[in-house]
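Notes for the one structure printed next.
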Amino acid sequence: MANVLILGAHGHIAQLAEKQLLRETDHHLTLFLRNAKRLTVSDPTRETVIDGDATNQKEVAAALTGVDVVYANLGGKNIEAQAKSVVAAMDQVGVKRLIWISTLGIYDEVPGAFGQWNHQMLDGGYLETYAAAAKVIEHSDLAYTIIRPAWLSDKAVVSYETTEKGQPFKGTEVSRRSIADLVVKLINHPSEAVSHSLGVNQPNTDGAKPSFY
């Protein structure tokens with residue numbers, strides 16, 4: 001049994017991971033989000049909700065008491081500031097294991113026509129901001145895993161493969177359920193994929209863009 005802190009717990013993938021963790025494990029979950037009233041707790045005996053801002057190091061540090069694993073499902077234009085706050089808070093408290101959701105394309109690793117399409121769709125500083133946040137994580141002394149999902153679907157399927165940093169990204173899409181499943185596996189096996197940055201896609205989805213575009 002582990003104590004897991006989920007940052008950005010209102011996110012769709014985070015809620016899928018939460019349900020899977022409650023279903024398949026005995027872990028205790030601390031759900032951290034802004035405006036906590038948005039979230040309905042499934043199991044009050046195993047879940048604690050904290051209303052907080054991930055850019056506030058003090059609030060994150062307070063939520064880290066007794067935590068074994070941090071899963072960050074954060075986003076937004078201030079993602080680099082959130083990364084700095086999370087790293088500083090984890091260093092302050094002495095928690096090491098971090099699972100960090102990022103996005104594909106932060107290393108210019110998406111090849112071909114899909115890579116061009118992805119860059120056009122995520123223009124306006126989005127990739128640069130997420131790349132800067134990933135760099136904060138990678139330059140820390142944390143036991144991190146960065147997850148770079150392909151374009152996300154709500155398909156009721158769990159099917160995925162991974163690529164490493166430095167390898168060309170594969171495929172164009174992946175289900176949110178698949179990313180949640182990978183997160184749960186890493187929480188359950190925290191020594192796996194440490195210091196790795198994993199591209200995640202559904203097999204056999206190569207093309208110029210995702211099927212739903």
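FYI, it's all coordinate maths here, none of it is from the lab. Given the structure is predicted, the values throughout are model-derived calculations rather than measurements. Note: ideal-geometry Cβ built from the backbone for every residue, glycine included; neighbour counts use all protein chains shown.
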Completion exercise
Relative to the compact-globule estimate 2.2 N^0.38 Å (N residues), the Cα gyration radius of region 42-126 stands at a ratio of 1.37
Practice task
Can you figure out the FRET efficiency of residue 159 with residue 113, using R₀ = 25 Å and their beta-carbon distance, to the nearest 0.05?
Solution key: 0.60
Problem - Reachable lysines, given that their alpha-carbon falls under 17 Å from the alpha-carbon of residue 165 and they are not under 8 places away in the same chain - result: 135
Handout entry: Fraction of antiparallel bridges per DSSP, region 123-213 only, in percent to nearest 5
Key = 35
Practice task
Starting from the Kirkwood radius over alpha-carbon pairs of region 1-96, derive D by Stokes-Einstein at 10 °C in a medium of 1.306 mPa s and give it in µm² s⁻¹.
Solution key: 120
Exercise for the section: For every other residue with a beta carbon closer than 13 angstrom to the beta carbon of residue 17, add +1 if it is Lys or Arg and -1 if Asp or Glu, then tell me the sum. Expected result: +1
Handout entry: Overall dimensions of region 130-213 by Cα: Rg and Dmax, Å
Key = 13.2, 39
Fill in the blank from the handout: Interchain or sequence-distant (5+) residues whose placed amide H lies within less than 5 Å of the amide H of residue 30 are 4, 5, 6, 48
Practice task
Using the Cα centre as the reference, give the magnitude of the dipole from point charges on the C-beta atoms of region 36-152 (Lys, Arg: +1; Asp, Glu: -1; all else neutral), rounded to the nearest 20 debye.
Solution key: 200
Exercise for the section: Return the single residue from 17, 156, 134 with maximal mean-square fluctuation; model: Gaussian network over the chain, springs between Cα atoms under 10 Å. Expected result: 156
Handout entry: Residue-wise HN-Hα coupling along region 176-191, computed from phi with Karplus coefficients 6.51, -1.76, 1.60 (Hz; x: Gly, Pro)
Key = 4, 4, 5, 5, 4, 5, 5, 4, 4, 4, 5, 5, 6, 10, x, 7
Fill in the blank from the handout: Checking 177, 46, 148 against a Gaussian network model of the chain (alpha-carbon springs below 10 Å), the top fluctuating residue turns out to be 46
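What pairs in 155/209; 77/170; 170/209 have C-alpha atoms more than 21 Å from each other?
From 155/209; 77/170; 170/209, over 21 Å: 77/170.
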Exercise for the section: Compute from the Cα atoms of the chain the Rg and the Dmax, the latter being the longest Cα-Cα distance, and quote both in angstrom. Expected result: 16.4, 49
Exercise for the section: Using R₀ = 22 Å, calculate the FRET efficiency as 1/(1 + (r/R₀)^6) where r is the Cβ-Cβ separation of residue 56 and residue 120; round to 0.05. Expected result: 0.05
Handout entry: Relative contact order [Cα under 8 Å, 6+ residues apart], the chain, whole percent
Key = 20
Practice task
Any chance you could run the full-extension gain for residue 88 through residue 128? It's 0.36 nm times the residue separation minus the Cα-Cα distance, nm to one decimal.
Solution key: 12.3 nm
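What dipole magnitude, in Debye to the nearest 20, does the chain give about its Cα centre under +1 on Lys/Arg Cβ and -1 on Asp/Glu Cβ?
In total the dipole reaches around 320 debye.
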Exercise for the section: Enter the per residue convex hull volume of region 87-161, computed from alpha-carbon coordinates, in Å³ rounded to the nearest integer. Expected result: 126
